[in-house]
Amino acid sequence: MSSHPDTVVASAPGRVNLIGEHTDYNGGLALPMAIAQRVTVTLRPRRDRIVGVTSAAPGMSPAEFPVDSEPGQVDGWAVHVAGVFWALRTAGRVVPGADVEIKSDVPVGAGLSSSHALECALLVALDRQADLGLDRTDIARLAQRAENGYVGAPTGLMDQMAAMYGQEGCAILFDADQVSADPIPCDLPAAGLALLVVDTKAPHRHADGEYGARRHSCEAAARTLGVSSLRAVQADPVEGVLTQLEDEITQRRVRHVLTENNRVLDTVRLLRAGRIRDIGALLTASHVSLRDDYEVTVAQLDVAVDAALAAGALGARMTGGGFGGSIIALVDAERTAPVTDRIRAEFAARGFTAPQAFTAVPSAGAGVDQ
Ligand code: GLA
């Protein structure tokens, strides 16, 4: 194995989404934040057009594949690495083979975007290594291209933008129509608050198919309404628009998207006014909409949200794509233990796998470490 002397180390964070769920692929608004947990990639170029990948994580055995692999040729966790090389190549960028070493403290399978963080970190490293001149949005889009075109997950751009534009102490207002990312100050400790993240450990069942189905029905609804995306429909209240849609399921899905965009705007207004405590009700309303209208929650997510609220959380909701994954709960800083305990007890009573909790700290986005 021959290798080039230059080694680049880069990292990118996982994310939680404060509010604005299933809006990004509808040209809408989301308010994610990068978290302190990161994926770190050490990149060593090779001369033999082969990519070798190793990970420190248990159960992730080493993989090797050609730089120019095609979708379907690589499976398992290394698909995210192969997808990045494919995305670059099909975008006309030439990079050499490489050895890629991965370390991560982003929980995997918790809906905290560990795979997008991996893709972004690798792209940052490759950009530096091969001097590609990519900006942060280019990198986010390439990571999305890898996910959509190689991995086969029809996701939006929110997670990658959060990983690339995260800032300490801030949530990031992502406008998918403008493809812009604006930091919104969210100083939780100054307000005596904490954002609790609880990984429910619920298995992700049918997540991709159900996600794609919702994406399709939103796109079909936009066509019926004669607009390019649901973002173009700005209505508050939204009920008048819904009567133009025939079936009841589509009406509910569209209602979720339209009301969720409005909730993001309301949340941003409150944060800008320094009223962090008051966003709690909006978080909970988002969960109810995702549960009843968009139908992307599972029992573990609903039980965790209800338990958090019963134990005094100011607001709580599922975060990410749903069908498993994590919830967030906005709590008074001294209430994190009772809220976590209550969720654990409710899970134990129902025979659910024990959940895992930590406190999210709005953190910096991706970058070169050395
Ligand atoms: C997943 C996707 C994102 C977004 C969310 C739902 O995290 O990767 O693009 O659609 O689901 O808001």
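Think of region 19-81 as a dipole: +1 on every Lys or Arg Cβ, -1 on every Asp or Glu Cβ, centred on the Cα centre; then among Ala57, Met33, Ser69, Ala57 lies furthest on the positive end.
With every protein chain left in place, what is the accessible area per residue of region 1-149 in square angstrom, probe 1.4 Å?
I get 36 Å² per residue for this part.
Here the relative contact order of region 8-186, from alpha carbon pairs under 8 Å that lie six or more residues apart, stands at 30 percent. Placing +1 on the Cβ of every Lys and Arg and -1 on the Cβ of every Asp and Glu, with no other charges, gives the chain a dipole of roughly 260 debye about its Cα centre.
Can you give the relative contact order of the chain as a percent, counting alpha carbon pairs under 8 Å and 6+ residues apart? Don't skip to the answer; put the middle values down first.
On the way: 850 pairs, mean separation 91.3, N = 370.
It rounds to 25 percent for the chain.
Quick one: accessible area per residue over region 189-360, 1.4 Å probe, rounded to a whole number of Å²? Display every interim value, and only then the final one.
Details: 7460 Å² over 172 residues.
With all protein chains present, region 189-360 gives 43 Å² per residue.
Just how large is the dipole of region 189-360 about the Cα centre, in debye to the nearest 20, putting +1 at every Lys and Arg Cβ and -1 at every Asp and Glu Cβ? Write out the running numbers ahead of the final one.
Details: 20 positive and 21 negative charges, 78 e Å.
In total the dipole reaches around 380 debye.
Using Cα atoms only, what is the angle between the long axis of helix 207-225 and the major principal axis of the chain, expressed in degrees (0 to 90) to the nearest 10? With rounding to tens, the tilt is 70 degrees.
Relative to the longest principal axis of the Cα atoms of the chain, helix 136-145 runs at roughly 90 degrees.
Applying 1/(1 + (r/R0)^6) with r as the Cβ-Cβ distance of Asp6 and Asp278 and R0 = 45 angstrom yields a FRET efficiency of 0.35.
Which residues make up the longest stretch of the chain clear of trypsin sites (Lys or Arg not before Pro) that lie in a DSSP loop with no more than 15 other Cβ atoms within 10 Å, not counting the sites? Mind showing how you got there, number by number?
Numbers: sites that count: Arg47, Arg49, Arg205, Arg275.
Excluding the exposed sites themselves, the longest stretch runs over 50-204.
Considering only Val303, Val198, Val331, give the residue with the highest GNM mean-square fluctuation for the chain, with springs between Cα atoms whenever their separation is below 10 Å. For the chain, modelled as a Gaussian network with Cα springs under 10 Å, the answer is Val303.
Determine the relative contact order of region 124-256: mean sequence separation of Cα pairs under 8 Å and six or more apart, normalised by residue count, in whole percent. Don't jump to the answer; show the numbers that get you there.
Details: 101 pairs, mean separation 17.1, N = 133.
Once normalised by length, the contact order is 13 percent.
Using only side-chain charges placed at the Cβ, +1 for Lys and Arg and -1 for Asp and Glu, the dipole size of region 209-249 relative to its Cα centre rounds to 260 debye. Here the accessible area of the chain is 49 percent carbon and sulfur, with a 1.4 angstrom probe and all protein chains present.
With a Förster radius of 51 Å applied to the beta-carbon distance between Asp292 and Asp135, the computed FRET efficiency rounds to 0.80.
When the chain is fully extended, how far beyond the present Cα-Cα distance does Leu265 get from Glu70, taking 0.36 nm per residue of separation?
Values: separation 195, 0.36 × 195 = 70.20 nm, distance 4.08 nm.
Computed gain between Leu265 and Glu70 is 66.1 nm.
Let me make sure I get this right: for region 189-360, a, b and c are the square roots of the gyration tensor eigenvalues over alpha carbons, sorted descending. Under 1.5 in a/c it's rounded, otherwise prolate if a/b > b/c, else oblate. Which is it? Taking the square roots of the gyration eigenvalues as a ≥ b ≥ c, region 189-360 is oblate. In region 170-310, if the dipole is taken from +1 on Lys/Arg beta carbons and -1 on Asp/Glu beta carbons about the Cα centre, which of Val305, Ala181, Ala281 is farthest to the positive end? The residue sitting most towards the positive pole is Ala181.
The values are calculated or read from the model by the stated rules, or taken from the named source; none is laboratory data. The structure displayed is predicted, hence computed values, not measured ones. Backbone-built Cβ (ideal geometry, glycine too); neighbour counts: all protein chains shown. Protein only, heavy atoms only, side chains kept; ligands, DNA and RNA dropped before computing areas. Shrake-Rupley method; radii C 1.70, N 1.55, O 1.52, S 1.80 Å.
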